[in-house]
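Values quoted throughout were computed directly from the atomic coordinates according to the rules given, and no laboratory measurement underlies them. Predicted, not measured: the structure shown is a model, and the values here were computed from it. A quick note on method: Cβ atoms are made from the backbone with ideal geometry, for glycine too, and the neighbour counts reach across all protein chains shown.
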Amino acid sequence: MLLTVKGNQKTLHRQIQCQFQGKRHIPFTATAQGKKHGRDTIWEMRAKEAPDHIRANWPGISWIIEMISTTVTRRGMQVPRSHYFLTSLRTKPEALLRLIRQRWSIENEWHWPRDTQLHEDAHRYANRIGTPVFGPRPTSRCKSLGTSTPA
C-alpha cells in the first residue's frame, strides 16, 4: 500500500515534513533523472521508518517517504516540489522510487496528451453540455491523439 499525503491532511503532512527537516539521519535514499516534454526532472526519494506517533494512527504503515522532484525548465530555472507518502511496503529504495514514479506516469503519459491535444484543462464547461466531449467514448477513440479529435 502506498498512500499520498496531501496538504489537506495538515497534521499528518506537518508531522512527516518535520521528520525530513534539518540534519536528521535519512537511512534510505534513491535518485533518478529523466527528460520529458522539454524539461529535465530529478527525483530524489528519502525514506525512513515511520515514528511511533504516526504508526499509532496509521496501523500497518512502516515507512514515511519524502519525494523531491526538481524540474529544470527550458530557460534553466529549477523548480523543486516536495511530496510525502506513507507505505506499508518493505523494499529497496530504488523499488519505492520506481513505484512512486509509476503512479505519476498516469498524469505524465495520459493527462498531458489530452491537455495538449484536446485542450482539456482550458475547457470551462460553462453549461454542462460540453461534459460528454471528454467522456470515455470520445477519448477512447482518440487514444492515438495523433489522428483527430472528437467532433
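Using the Cβ of GLY38 as centre and a radius below 12 Å, the other residues enclosed give a net charge of +4, where K and R count +1 and D and E count -1.
Remark: the LYS10-GLU94 segment gains 27.4 nm on full extension, using 0.36 nm per residue and subtracting the alpha carbon distance. Paramagnetic label reach from SER62 (point 7 Å along Cα→Cβ; backbone nitrogen cut-off under 16 Å): within the stretch 27-42, residues 27-29.
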